[in-house]
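One structure below.
The values are calculated or read from the model by the stated rules, or taken from the named source; none is laboratory data. What you see is a predicted model; the values in this text were computed from it and never measured. A quick note on method: Cβ atoms are made from the backbone with ideal geometry, for glycine too, and the neighbour counts reach across all protein chains shown. Just so you know, the surface numbers come from the protein's heavy atoms only, side chains and all, with ligands and any DNA or RNA stripped out. Shrake-Rupley method; radii C 1.70, N 1.55, O 1.52, S 1.80 Å.
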Amino acid sequence: MDGILVVDKPAGMTSHDVVSVVRRALDERRIGHAGTLDPDATGVLVLGVGRATRLMRFIEVYDKEYLADVILGVETATQDSSGNVVAETDASAITRGDLDRAVAAMVGEIEQMPPMVSAVKVGGERLYRKARRGEDVPRVPRTVTVHSMTVERFGPGMRAQARLRVRCSRGTYVRTIAHDLGRALGVGGHVATLRRVRVGPFAESDAVSLEAASAGGLRPMTDAVAGYPRRTVDAAEATAVVHGKPIAPFGSEGPYAVIGPAGLVAMSEDRGAESRPICVVAGGSP
């Protein structure tokens, strides 16, 4: 049982909860996910089953796309609607032009402070565990990339509302974007609802319900690395790769998928004058 499941995560569950449900349903312990979604968030969550769990690190680096409904004029402790309100400001003076300019200023490479309620580790412990104890510890800003951000809808008022479409790099917190956007506008803000609509090549139209995912219907492992260059090899070369032996270089920068007669063999990279596997998924190799 080796393959990919693209799940439409429902609200109210952690990403690990989704994995646990599918593990029990498929009676398969080797299931992992790529890219955590907050419990209240919905949308595309990619699971790897069996040997496909080895490919999760290659999926995690894909860009992500989100739809976020943002409320301006209200800040919360968690930067989303699950947290206590910590500040309120009348946002009725904010115009669509103000919002468009603030959004444009946040596109590109930015510094982002991880929220306290997050899975980032500080001192060997995840921040959300510290937050549960009421701690607020110093954090180090991280560089992330907002590839694009557009305003799809805006409703002015004391609690102005906006729908944002955000395409961003791995590790970007969209609720922190909403928080920082509100700060830039001088009124504060938070995410009311968040939906992930794309992870690399996987769109929300590819996602199935948790019930359907629990019934199986795995996608091939090659789907997991659809965003990478592909190299086709013959049976002899595939066997060599499975056993960790070098083959001729491919001439591609970064990792690429090695496809043999039976499907995906490995993810490999060129090292000088030879190609070496960095993650083998065919056969019994690690």
Can you pull out every residue in region 188-208 that is open to solvent by less than 50 Å² (accessible area, probe 1.4 Å) and in contact with a Phe, Trp or Tyr (Cβ under 7 Å, 6 or more places away or on another chain)? 194, 196, 197, 199, 200
With (1) more than 19 Å from residue 180 (Cβ to Cβ); (2) part of a helix (DSSP H, G or I); (3) not hydroxyl-bearing (Ser, Thr, Tyr) as the list, and residue 158 as the residue in question, which single condition is left unmet? (2)
Six or more apart or on different chains, Cβ under 9 Å: which pairs go from a residue in region 248-261 that's farther than 15 Å from residue 276 by Cβ to one that's open to solvent by 60 Å² or more (accessible area, probe 1.4 Å) and in a loop (DSSP other than H, G, I, E, B)? Could you list them? 260/234; 261/234
For the structure I just gave you, tell me whether residue 139 is assigned to a helix (DSSP H, G or I) and among the basic types (Lys, Arg). no
I need the full set of residues from region 158-178 which are open to solvent by less than 30 Å² (accessible area, probe 1.4 Å) and of a type outside the set (S, T, N, Q), in order please. 160, 162, 164, 166, 168, 174, 175, 177, 178
Within region 17-32, is even one residue of a type in the set (A, V, I, L, M, F, W, C), in a loop (DSSP other than H, G, I, E, B) and either out of contact with any Gly (no Cβ under 7 Å at 6 or more places or on another chain) or on the phi < 0 side of the Ramachandran plot (or both)? no
Residue in region 57-69 that is farthest from residue 156 (Cα to Cα), counting only those that are open to solvent by 10 Å² or more (accessible area, probe 1.4 Å) and touching a Leu at 6+ places or on another chain (Cβ under 9 Å): 66
Could you name every one of the strands (runs of 3 or more DSSP E) located completely within region 70-115 that has at least 3 residues being open to solvent by 70 Å² or more (accessible area, probe 1.4 Å)? 85-88
Report the residue count in region 150-185 for those that are of a type in the set (Lys, Arg), modelled with pLDDT of 95 or more and either more than 22 Å from residue 204 (Cβ to Cβ) or in contact with a helix residue (DSSP H, G or I) (Cβ under 9 Å, 6 or more places away or on another chain) (or both). 2
Within region 209-244, the residues that are outside any helix (DSSP H, G or I), open to solvent by 60 Å² or more (accessible area, probe 1.4 Å) and hydrophobic (A, V, I, L, M, F, W, C) are 215
Would you check if there is a residue in region 5-25 being closer than 30 Å to residue 156 by Cβ and either touching a helix residue (DSSP H, G or I) at 6+ places or on another chain (Cβ under 9 Å) or open to solvent by 20 Å² or more (accessible area, probe 1.4 Å) (or both)? yes
